[in-house]
Every structure is written in C-alpha cells, then in structure tokens.
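Novice: Have a look at this one before I ask anything.
The values are calculated or read from the model by the stated rules, or taken from the named source; none is laboratory data. Bear in mind the structure is a predicted one, so any value in this text is a computation, not a measurement. All Cβ positions, glycine included, derive from the backbone under ideal geometry; neighbour counts span all protein chains shown.
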Amino acid sequence: MRIGTLEELKRIQDIKHKKVALRLKGELPQIGEERLHVLVCNGTGCTSSLSKEVLEKFKDEVHARGIEDEVRVVKTSCFGLCQKGPIVAVYPDNVFYCHVHVEDVAEIVQHHFIEGKAVERLEMCDIDEETKERIVDIEKIKFYSKQKRIALRNCGRIDPEDIGEYLAFDGYSALAKVLTSMKPQEVIDEIKASGLRGRGGGGFPTGVKWQFAADQNKLEKYVICNADEGDPGAFMDRSIMEGDPHCVLEAMAIAGYAIGAHYGYVYIRAEYPIAVERLKIALNQAREMGLLGKNILGTGFDFDIEIRLGAGAFVCGEETALIHSIEGKRGVPTPKPPFPAVKGVWGKPTIINNVETLANIAQIIVNGAAWFKSIGTEKSSGTKVFALGGKVVNTGLVEVPMGTTLREVIFEIGGGCPNGKKFKAVQTGGPSGGCLTEADLDAPIDFDTLIQKGSMMGSGGMIVLDEDNCMVDVARFYMEFITDESCGKCTPCRIGTKRLLEMLNDICDGKGTMETLDELEKLCHRIQDSALCGLGQTAPNPILSTLRLFKDEYVAHVVDKTCPAGVCKNLLKYTIDPNKCKKCSLCSQKCPVHAISGIAGKEVFRIDPNRCIRCGACVTNCRFGAIERK
C-alpha cells in the first residue's frame, strides 16, 4: 500500500496505534480476545543464545493450546540487558524473563499465559532494601529506572521487520511534519537549537554540520549514515539498526530535505548480518509505502537510500576514509579541509552522521528543540547510549541523560563489580579514549567533562576494570588493536604505534627500564602531534592515561619485575608452600610441560621456574591452596 498524503499516514498510524502501541501502557484494548503480547528478543546477543528457537517454540506452544487469539508472540530486538539473554517480556503484565531456553517455554505458557502465575525462577527482579520485597516490574528495576530512552526508544518494544509497528509509534511523523509545514532552513535551525552533538565520537554540533552543507551552492548533495561501528566492546549502533531501522531511514530523509540532498548511503560493516538484513527489509517497506523514493507524501520531494557494506576496517569510521570506501577506493583518510560538508562523496557536499545521532532526529522534530534541550546539561543536550561491559554485574546497553554520573551508571544501573571485587577504573571512548578512576566516579558524563578528565565520550564504549586488571596490559590490548587497524598511510601511525606496542610488550615481559617509560611517553606525544587523522592522533591516549593514573604499576613492571595484578605471565612466579603441600602429586599430573617434580606421598613437590610456562593449571587443580602466585 502506498501512502500518498499526510492524511493517509495519520489514518494508518491511528489504526496501528490501537493495535500495538497501548500494549506497553497496560491499556491493551480487547481486539478479539487478545490479552497478552509476548516480545522475544532476536537481536545479535540473544540470537547467539538460540532465541530464534525460543521464539518458534512460543508460537508452537501457543498454537498447540489454542490460544493464538489471546496471546500474540512478537519478534523484537535488544532490551539492553544483554548478558541475561535470551530475554522475553510479557505485556501488559510487565514481566521480564531472563535466560529463557527452549525447555522453559512450555512452563511459561502453562503457568503464566493460562494459569496467570509468573514463573518466578526466570523473572528479572530486584529486592527492595527496606521492605525486602521482590521488584519485578520492568519499569522499576534498577537497570531501567534511571534510564531515559530516546535513541533506543523502540528497541525491545516493536517488531523491527514490521513498518506498521514503527508507524504505530508515530513513525515518519517527523518526516511528514518537515515536508508539509517546515522550510529546510527551519529544520536546520531546530536541530541547532536542540544542541544535538554528534554521537560518533567528535561531538561536533549536528545542526552546524548540516548548515555547512546547506550553504553549498551545488545541485547534487549526499547524506551518509556512518554505521561502521568499530570500537572494541561497542555495539550501540548495531542494536539501533537491528531494533529500529526505520528511525535511521526517516532521519536521513529529513537531513536530505534540510540540506537539499536526494540520495543517501548507509555505510555498514558486513559483520552485522542481522542489522543489514533488517535495513534491507525496512528500505523495501518504506519504498513500497511511498515514504522513500519519488514524490514522498505527495510533496514533490525525492529521496532514496542505498546500503554500502564495509569490510570491517576500523579506519573507515573516519569520515574521509569512509567516503573513499563508498567510492570504491582504498579506505584511507585524507587531510581536512576541505571537510565533507564542502567536498565529500563523489566530490559533492556530504553530511555524515552516525546511527545514534540520527536516531535522535525524528524525536527532536516531533517534540521540539526545547524538549531535547531540557534533557542533559547546558553544553551536552539529550541522552547518550553506552555499551557497558567488562567487570560489571549488568553488562549491556544503557541510555542515560547527559550529566548522569559514572557512579550511577556503573554501580546503580550496572550493579558494580561482581564477586565483591574492588572497582579500579573505567575506560571510556575505546582506543581513542582513556581511563577514569574512583576519584572521577561522581563526575557528570558529558563531552567536555570527560575531555577535562583526560578521557573522551567516543562512540560510547564503557569498559569497567577491577582489581584483577593490569593497567599496562589494558594499554597493550588497545595498542594491539590500533596497530592491527592502522591503515598505514602516515608514518607516525604505521611505525609509531608499532614501536609503542613493542615497548609495552617489553614492559610486560620484564625487559623494560625506567628509560623505556620515558621513551614511551615521548613517542606518544610525537604521534599525537603528527599523525594524519583523528584516529592516529588519539591512538596514544590509553597509554598516556594509564601512565598518568597508574604510574606505580608501570614502575613495578620495570623496577621490581612484577605485575601487581598477576596478569603479565612472564612476570609471574609460581612456588609451592612446603607447609601446605600434601604430596598428592595432582599438580604434577596436570602440568602440561612437566615443570613440577616430586615423589607422591614421600616429598614436597617443587616447580622448576625455567620450565614453567605460567599457565596456572597447578593453581587451579591444587585442592589445598599450596601453590602461590607472585
């Protein structure tokens, strides 16, 4: 069905709204006898845990019991709480089931759907500290209660492969509004007034970028969605594309109208197969309904979008490298200016925004710039999505207002470090960012504060580290990533980062000296000052950050030849306490290189340090705690 006018769009939205949207408010209308909506996550994380099979099992069980008219099973996407998948939410009961496997489905259908009793052993819940009562309402669980979802608003609550569900939540209303009641400059002014800044890392004002492109007196212009999410541990953009692909397409069309472009590209890495497939489905649906293509909503505005697959190169997240890749060239950066807004893809004015930035556009248009500006801080409006990972209880996607503190995100939403371990640091901004410590936990999260603290927002990766993490090893991990991903075009990045990695390897192997630390720091500053693109210029940040905050760990590695966290294998020493050794020989039996000697039942066993490969098998298998690791 093609939607040719604004009136037709509103009519369809109204119909869909009655059938879909109210389910989340507990006001589900009795259409037929439908009383429950069961949302099964089919995002990448849950799919890897066989959630597709769980979805099909729910459909089979509901059919077998003859309750298809009462219970609707819906495929949806990431709820955010990734490590608890597969996840199933039941509305309007607001019940949230975790770690649901195929063998659990029949029990849920029987006890919950038929008998009306939730299956407590699978329920996500918190315990009220005062009353000690179980809190099971999704909206009141700590992980969600402090979040404010704008970019993730539809993730986990609609079927991403059904455009009707997107329409039910006012989908394409923003596009209709700008095409029928706003001039292009008014759209740009609204985005400027909102204070929206790029969520891809740089934090550049989105409206200003759009203005640069709009001011170019060229007939041919382009809009690009940068979906080449490459930071280790970051998956915000992937989840938005998997869960709400139409919000990206709608925003690109709005951007096209604002700057005078009629064509756009979604540049997405091929390693995101589910996101790619759902984008293709969304594009076809939008075209069929006349929401993309020629004469959108009968307004005379033409705009269409093409998907371009990237090969997973980290450097293609940089604007100019991305443009070269779209053009079929090698993805390497070029100096700026000229900026893409002046000379971009095919030499034409081009605006490039990442997925999360675009996910905010429609909501700003629908609700107004003042609404968005009222969220967050004065210089960092709105919310930010973080991929919270590492040593934290609740890993997953978190969207909070700018200005929320690190303590709130890590300890209240994230649940703190597991197993009673002590928090040590948090790495923000991925390979381009830096570490923040306990002293920074009450700092508000916004673009400027994180930079002042020696880190950066980046695209939104947030990796929590505890007492068992070696900060030198953390710096080495990021430098290994950078050297692997360097495009090699400029000498500082191609050779400099490799030399940094060599020095870090020496330090972790016990070959470093205090002079090594001095050389390491000097080279970091030289690379910062001379690398070609932003990725190379920020590559030394994890080293400089850990050097500044954890210099004592570096000194321990080069002076004492020890790793305080017990991570760097070549600095570890395994010994057997003769007072605890029971002469059982189990450690010797499990040693893969026969570095442990002794006679069972007769003498204390000993470890030959020259043969020991420090694998830890002896520690794991000793039942008496006789083996010490120093």
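Novice: Given the criterion under 30 Å from SER325 (Cβ atoms) and buried (at least 19 other Cβ atoms within 10 Å of the Cβ), identify the matching residue among LEU535, LEU465.
Specialist: Answer to the selection: LEU535.
Novice: Of all residues in region 490-502 being in contact with a Ser or Thr (Cβ under 7 Å, 6 or more places away or on another chain) and among the hydrophobic types (A, V, I, L, M, F, W, C), which is surrounded by the fewest Cβ atoms within 10 Å (Cβ to Cβ)?
Specialist: My answer is LEU501.
Novice: Related question: Which residues, taken from region 403-459, are of a type outside the set (Gly, Ala, Ser) and in a strand (DSSP E or B)?
Specialist: THR405, PHE423, LYS424, VAL426, GLN427, THR428, CYS435, LEU436, PRO444 - these are the residues of region 403-459 that are of a type outside the set (Gly, Ala, Ser) and in a strand (DSSP E or B).
Novice: Still on this structure: Taking the conditions exactly as written (in contact (Cβ under 8 Å) with a residue 40 or more places away in the chain, surrounded by fewer than 14 Cβ atoms within 10 Å (Cβ to Cβ) and over 23 Å from PRO245 (Cβ atoms)), does GLU139 satisfy them or not?
Specialist: Spelling it out, GLU139 is indeed in contact (Cβ under 8 Å) with a residue 40 or more places away in the chain, surrounded by fewer than 14 Cβ atoms within 10 Å (Cβ to Cβ) and over 23 Å from PRO245 (Cβ atoms).
Novice: Still on this model: Only one residue in ALA282, ALA286, ALA313, ALA341 is small (Gly, Ala, Ser), in contact (Cβ under 8 Å) with a residue 12 or more places away in the chain and over 25 Å from LEU179 (Cβ atoms), so which one is that?
Specialist: Testing whether each residue is small (Gly, Ala, Ser), in contact (Cβ under 8 Å) with a residue 12 or more places away in the chain and over 25 Å from LEU179 (Cβ atoms) leaves just ALA313.
Novice: Continuing with this model, one more query. Within region 582-618, track down each residue that is at pLDDT 90 or above, of a type in the set (A, V, I, L, M) and loosely packed, with under 15 Cβ neighbours inside 10 Å.
Specialist: The answer is VAL593, ILE599, ALA600.
Novice: Could you run through region 126-162 and say how many residues are over 24 Å from the mean Cα position of the chain (by Cα) and either in a loop (DSSP other than H, G, I, E, B) or modelled with pLDDT of 85 or more (or both)?
Specialist: The total comes to 8.
Novice: Under the condition of being farther than 11 Å from ASN353 by Cα and assigned to a helix (DSSP H, G or I), which residue from region 208-220 is nearest to the chain's Cα centre (by Cα)?
Specialist: The extreme case among them is VAL208.
Novice: Which of (1) part of a helix (DSSP H, G or I); (2) closer than 26 Å to ARG238 by Cα is the odd one out, the single condition GLY201 does not satisfy?
Specialist: Looking at each condition in turn, GLY201 falls short on (1).
Novice: Okay, moving on. Residues of region 505-530 being in contact with a Gly (Cβ under 9 Å, 6 or more places away or on another chain) and among the aliphatic types (A, V, I, L, M), which ones?
Specialist: Within region 505-530, LEU520, LEU523, ILE527 meet the criteria.
Novice: Kindly indicate which of LEU535, LEU500 is hydrophobic (A, V, I, L, M, F, W, C), over 30 Å from HIS594 (Cβ atoms) and at pLDDT 95 or above.
Specialist: Checking each option against the conditions leaves just LEU500.
Novice: Now for a separate question. Would you mind stating whether VAL400 is of a type outside the set (D, E, K, R), out of contact with any strand residue (DSSP E or B) (no Cβ under 9 Å at 6 or more places or on another chain), surrounded by fewer than 24 Cβ atoms within 10 Å (Cβ to Cβ) and over 28 Å from GLN216 (Cα atoms)?
Specialist: Considered against the rule, which asks whether it is of a type outside the set (D, E, K, R), out of contact with any strand residue (DSSP E or B) (no Cβ under 9 Å at 6 or more places or on another chain), surrounded by fewer than 24 Cβ atoms within 10 Å (Cβ to Cβ) and over 28 Å from GLN216 (Cα atoms), VAL400 comes out as no.
Novice: Then there is this: Confirm whether GLY390 is over 17 Å from PRO205 (Cα atoms) and either surrounded by 24 or more Cβ atoms within 10 Å (Cβ to Cβ) or in the same structural domain as ILE451 (by TED's automatic domain parsing) (or both).
Specialist: Considered against the rule, which asks whether it is over 17 Å from PRO205 (Cα atoms) and either surrounded by 24 or more Cβ atoms within 10 Å (Cβ to Cβ) or in the same structural domain as ILE451 (by TED's automatic domain parsing) (or both), GLY390 comes out as yes.
Novice: Continuing with the same structure: Which one of these is out of contact with any His (no Cβ under 7 Å at 6 or more places or on another chain) and without any contact (Cβ under 8 Å) to a residue 24 or more places away in the chain: GLU519, GLU485?
Specialist: GLU519
Novice: Do we find that LEU547 is part of a helix (DSSP H, G or I), buried (at least 22 other Cβ atoms within 10 Å of the Cβ) and hydrophobic (A, V, I, L, M, F, W, C) in this structure?
Specialist: no
Novice: If you don't mind, there's one more thing I want to ask. Give the number of residues within region 356-395 that are at pLDDT below 95 and of a type in the set (Phe, Trp, Tyr).
Specialist: Counting residues in region 356-395 that are at pLDDT below 95 and of a type in the set (Phe, Trp, Tyr) gives 1.
Novice: Turning to a different aspect of this structure: Does region 213-233 hold any residues that are buried (at least 22 other Cβ atoms within 10 Å of the Cβ), at pLDDT below 95 and hydrophobic (A, V, I, L, M, F, W, C), and which are they?
Specialist: Correct list: ALA227 only.
Novice: Restricting attention to region 503-532, and to residues there that are farther than 24 Å from VAL567 by Cα and basic (Lys, Arg), which single residue is surrounded by the most Cβ atoms within 10 Å (Cβ to Cβ)?
Specialist: Among those residues, the one meeting the criterion is ARG526.
Novice: Related question: Against the condition within 34 Å of the chain's Cα centre (by Cα), at positive phi and part of a loop (DSSP other than H, G, I, E, B), how does GLY566 come out, does it pass?
Specialist: Taking the combined requirement at face value, the residue satisfies it.
Novice: Taking region 443-465 as the search range and keeping residues that are touching a residue at least 60 places away in the same chain (Cβ under 8 Å) and out of contact with any Gly (no Cβ under 8 Å at 6 or more places or on another chain), which one is farthest from GLY200 (Cα to Cα)?
Specialist: Ranking the qualifying residues of region 443-465, first place goes to ASP448.
Novice: Do you know which residues across region 171-190 are surrounded by 17 or more Cβ atoms within 10 Å (Cβ to Cβ) and not in a helix (DSSP H, G or I)?
Specialist: GLY171, TYR172, MET182, listed by residue number.
Novice: Follow-up. So, GLY488, is that one out of contact with any Asp or Glu (no Cβ under 7 Å at 6 or more places or on another chain), in a helix (DSSP H, G or I) and of a type in the set (Gly, Ala, Ser) or not?
Specialist: Against the criterion (out of contact with any Asp or Glu (no Cβ under 7 Å at 6 or more places or on another chain), in a helix (DSSP H, G or I) and of a type in the set (Gly, Ala, Ser)), GLY488 does not qualify.
Novice: A further question on this structure: Considering every residue within region 291-310, establish whether at least one is β-branched (Val, Ile, Thr) and under 19 Å from LYS75 (Cβ atoms).
Specialist: No, because not a single residue in region 291-310 is β-branched (Val, Ile, Thr) and under 19 Å from LYS75 (Cβ atoms).
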